[in-house]
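This report refers to the structure that appears directly beneath it.
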Amino acid sequence: MPSEKLPIKVFVKCRPLLSREEQKGSRRAVKISGNKTTLDVGGKETSFVFDGSFGPDVKPNQIFRDTVEPLVEKVMEGYNLSIMAFGATGSGKSYLMTGNDDNPGIVPCFNKTLFRWIDDLQSKQKDFFVTATFLEILDEQMVDLLNPHSNEMKVRQHPQLGIFVDGLSELVIRSSDDLAKYYEQGNRARKMGASDVQAHRERSFALFTLSVQQKDVNTGKMGVNSTVVMADLAGIEGVTNYKSETDTANSFKALIDVIGVLGDPKKKGSHVPYRESKVTRLLQESLGGNAISVMFSTISPADNHCQETLITMQQSQFVKNIHNEARVNVVCPLYKEM
C-alpha cells in the first residue's frame, strides 16, 4: 500500500499553578495564546509555536475531542496510531493520559470512542478482534503489567507482526468495559511495590498497546490491522538528574538521540539509533515510522520549573519536525477465527 508522509502533531498542555507552589512564592512563567506557548526565563521570553496549546483550565476530555477523536476513524481505516505524553514528572502527563472519574483522560476517552466505532461497524457486516498489552520499562527492565511474571521477555521483530515483545501477555478485549478494567489493572500494578511512587514515575516508561484487526464478514479473507500505542514517557528530568551510567539515563538519552537525529535539521541523514534502548526500539514506528503520531508535551507554569519546561519545549520542537510514513495495513489472511 502507498504511504502518506505526515508530520507528528505536537500539542502543549500547561497544568495549573498549585496552591503549595503559590505558598512557596512561585510565579507563573508560562503564557498560552492560541498555538503559541511563551516561557519567561529570568525576564527573557522565548516563544514556541505548535499544533495547539491548552491552558490550565482545559480538561483532558476536551483535549481528546479536539485532537485525538478525529483520528479514531483513521484507526478504523487500518492506520497505526501513536499517542505519547512527554514532559517532566509532576507536569501532568499521567493525569492527561488517565484523568479521573469526573474528567477522564485521553486513554479512557479513546477506549470508549473506539468501541462506539466497533459497535457501529459490526452492524455493517464488519468483524473485529481486539487485544491489549501493557508494558512498563524501568531501568531497561520490562514488566508485564497485565500478568506480572519473572519469565524473560525480549524485543523482537517479525515480518508480519513488526516489532513486539516476546513473552508479554496479550489479552483479548471484547468491550470498552474490558479495556477500562485492564487499563486500571495495569496502572495499579505500576504502583505496587514502589516505595516512592514519584521517583518510580520519574524513571518509568509505560506503553499501553492495542491491536485492532478487522475483516469483512461477507468475504472473510482480507482485512486491516491497526496498532494503537499510548505511551506515558519517563520524566524529562532524566536528561540531567540521573547518573550517566544508569539504565534510566541511557533509556532517556536514547530517546533524545532518536528525536534529535529525526528532528534536528543539523543532524539530517545521520544514523537513527533506535536500537540503543528498548523504549526507542518499541517506539520506532511512532517516531519516523508507519504511524499517525501525536505528542502531548505537558509543562508546569511555575518559574522554578523553567529549566524542565525549556527542555520539554526544545525537544518538542524537534518532534514537530519529524515526518512519519503512515499507510493502511492490509492483512491477508487476517486472524484465526474468533
Quick check for you: with a 1.4 Å probe and neighbouring chains kept, what is the accessible area per residue of the chain, in Å²? 48
Can you tally the net charge around VAL155? Count Lys and Arg as +1, Asp and Glu as -1, for every other residue whose Cβ sits under 10 Å from the Cβ of VAL155. +4
Expressed as an acute angle from 0 to 90° and rounded to the nearest 10, what is the orientation of the C-alpha long axis of helix 106-122 relative to the principal long axis of the chain? 20
Loop-located GluC sites (Glu not before Pro) in the range 242-325, at most 12 other Cβ atoms within 10 Å (DSSP): GLU245
Quick one: work out the % antiparallel among DSSP beta bridges in the chain, nearest 5. 70
Given Cβ point charges of +1 (Lys, Arg) and -1 (Asp, Glu) and nothing else, what value in debye, to the nearest 20, does the dipole of the range 88-222 about its Cα centre take? 300
Take the alpha carbon gyration tensor of the range 27-170, find the square roots of its eigenvalues, order them as a ≥ b ≥ c, and report rounded if a/c is under 1.5; if not, report prolate when a/b exceeds b/c, else oblate. oblate
With a 1.4 angstrom probe the carbon and sulfur portion of accessible area for the chain, in percent, totals 47
Please report the net charge: other residues with Cβ closer than 11 Å to the Cβ of VAL107, K and R +1, D and E -1. -1
What FRET efficiency would be calculated for the residue pair ARG27, ASP120, taking the C-beta separation as r and a Förster radius of 35 Å, to the nearest 0.05? 0.10
What is the range 132-173 by shape, rounded, prolate or oblate, if you read a ≥ b ≥ c off the alpha carbon gyration tensor as root eigenvalues and call it rounded for a/c under 1.5, prolate for a/b larger than b/c, and oblate otherwise? oblate
Grab the other residues whose beta carbon is less than 15 angstrom from that of ASN61, score K and R as +1, D and E as -1, and report the net. 0
Want the number for VAL217 to GLU276: 0.36 nm per residue separation, take away the alpha-carbon distance, what's left? 17.0 nm
Tell me the volume per residue, in Å³, of the convex hull enclosing the alpha carbons of the chain. 145
When N is the residue count of the range 1-54, what does its C-alpha Rg come to as a fraction of 2.2 N^0.38 Å? 1.59
Please say if the range 249-323 is rounded, prolate or oblate, where rounded means a/c under 1.5 for a ≥ b ≥ c the square roots of the C-alpha gyration tensor eigenvalues, and otherwise the choice is prolate for a/b larger than b/c and oblate otherwise? prolate
With runs of 4+ DSSP H residues as the only contributors, calculate the mean residue ellipticity of the chain at 222 nm using -39,500 (n - 2.57) per run, divided by the residue total and rounded to the nearest 500. -9000 deg cm²/dmol
Go through the range 1-71 and name the trypsin sites (Lys or Arg not before Pro) that are in a DSSP coil and have 14 or fewer other Cβ atoms within 10 Å of their Cβ. LYS24, ARG27
Putting +1 on Lys and Arg Cβ atoms and -1 on Asp and Glu Cβ atoms, find which of PHE48, ALA132, ILE63 reaches farthest to the positive end of the dipole of the range 8-141. PHE48
Just to confirm the number: angle between the C-alpha axis of helix 247-263 and the first principal axis of the chain, 0 to 90 degrees, nearest 10? 80
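The values are calculated or read from the model by the stated rules, or taken from the named source; none is laboratory data. Note that the structure is a prediction, hence the values are computed from the model and not measured. Here the Cβ is made from the backbone with ideal geometry for all residues, glycine too, and neighbour counts use every protein chain on show. Ligands, DNA and RNA are stripped out before the accessible areas are found, and what is left, the full protein with its side chains, is counted by its heavy atoms. Shrake-Rupley method; radii C 1.70, N 1.55, O 1.52, S 1.80 Å.
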